[in-house]
Amino acid sequence: MKNTLKLNVQGKNKTIDVDVHHVFNAGYAGSDQEKVQEHIDELAKLGVPTPTTTPILFPVSDYVVSTTKHIQVQHEETSGEIEYVLIWHNNELYVTVGSDHTDRKLETFSVPMSKQAYPNVIAEDVWKYEDVKNHWDQLEFICWVTSGNEKKIYQQGTCADLLNPEQWEENFSKLNVEEDGNLFFSATINTEDNTLAFADKYEFELRDPVLHRSIKHQYEVNVLPESIE
């Protein structure tokens, strides 16, 4: 099944049609290893096995990436997390913001399978990487979650909190990540209270304080009815 993403290049007055070939998800990729350990401890509370090395990088199927605003899940123990996303297209590199929505029950068995279970949601707008490369660490993340009638800030930080694209070069070369049609999800930053939120809605934003612009997206989470077995 061919998965083509129609994306808007913000500030360039053009769209690109990206035929997705491969998708790669990173994990435990914070620039501050103490905070990485906090995230590992956060997941360990849910029974997620401790990684033998950090960061980690693994492929997921091409069909999981979507710009959808609604997803359906099997149960209530799933959650999103804000990440920067790199996209290679026609020999150009683009960046946007996304969330690799994760099945936290399945994650206790296999991290890659838990990422495969639900969409990797991205925004429809992108920036050219070259336009933000020189002030990369100043790009700001913010993610809100809504549960019932309560909305709160869930994650907040900057790209400086994560490994930057240049720091991934060695691992990229091992899996041929930097090829046209490929997408890379950066892994995430810590939550505000080091607790995962199983929310009804996720809103996320990547802000550029230098060029005074932002990329936003949101999606709702709907739990499917119980099956008849």
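The values are calculated or read from the model by the stated rules, or taken from the named source; none is laboratory data. Fair warning: this is a prediction, and the values are worked out from it, not measured in the lab. Heads up, the Cβs are rebuilt from the backbone with ideal geometry, glycines too, and the neighbour counts pull from every protein chain shown. The area values use the complete protein model at the heavy-atom level, side chains included, leaving out ligands, DNA and RNA. Shrake-Rupley method; radii C 1.70, N 1.55, O 1.52, S 1.80 Å.
Ordered by 1.4 Å accessible area with all protein chains kept, ILE228, ILE142 run largest first as ILE228, ILE142.
Computed extension gain for PHE109 through LEU224, at 0.36 nm per residue and net of the alpha carbon distance, reaches 39.2 nm. Taking every lysine pair in the range 1-149 that is 8 or more places apart or spans two chains, those with Cα atoms closer than 14 Å amount to 5.
Around the Cα centre of the chain, unit charges on the Cβ atoms of Lys, Arg, Asp and Glu (plus for the first two, minus for the last two) sum to a dipole of about 480 debye.
Stretched out straight at 0.36 nm per residue, the stretch from ASP193 to GLU92 would grow longer than its current Cα-Cα span by 32.6 nm.
Remark: the ALA44-LYS14 segment gains 6.4 nm on full extension, using 0.36 nm per residue and subtracting the alpha carbon distance.
The loop-placed chymotrypsin sites (Phe, Trp or Tyr not before Pro) in the range 105-168, going by DSSP, that have at most 15 neighbouring Cβ atoms within 10 Å of their Cβ come out as PHE109. Per-residue surface analysis assigns GLU124 an accessible area of about 80 Å², computed on protein heavy atoms at 1.4 Å probe radius.
In degrees from 0 to 90, rounded to the nearest 10, what is the angle of the helix 33-44 Cα long axis to the longest principal axis of the chain? On a 0 to 90 degree scale, this one is about 40.
Per residue, the chain reaches -3500 deg cm²/dmol at 222 nm when only DSSP H runs of four or more residues are counted, each adding -39500 (n - 2.57). 3J(HN,Hα) couplings calculated from phi for the range 69-85 with the Karplus curve 6.51 cos²θ - 1.76 cosθ + 1.60 (θ = phi - 60°) are, in sequence order, 10, 9, 10, 10, 10, 7, 7, 7, 8, 10, 7, x, 7, 6, 8, 8, 10 Hz; Gly and Pro show x. Taking Cα centre as origin and charging only the Cβ of basic (Lys, Arg, +1) and acidic (Asp, Glu, -1) residues, the dipole magnitude of the range 1-51 rounds to 460 debye. Overall form of the range 1-105: prolate. Here a/c, set by the Cα gyration tensor axes a ≥ b ≥ c, is 1.5 or more, and a/b is the larger of a/b and b/c. I need the shape label for the chain. Rule: rounded when a/c is under 1.5, else prolate if a/b > b/c, else oblate, with a, b, c from the alpha carbon gyration tensor. Rounded, since a/c falls under 1.5. Summary: within the chain, the longest segment free of trypsin sites (Lys or Arg not before Pro) located in DSSP loops with at most 16 other C-beta atoms within 10 Å is 70-229.
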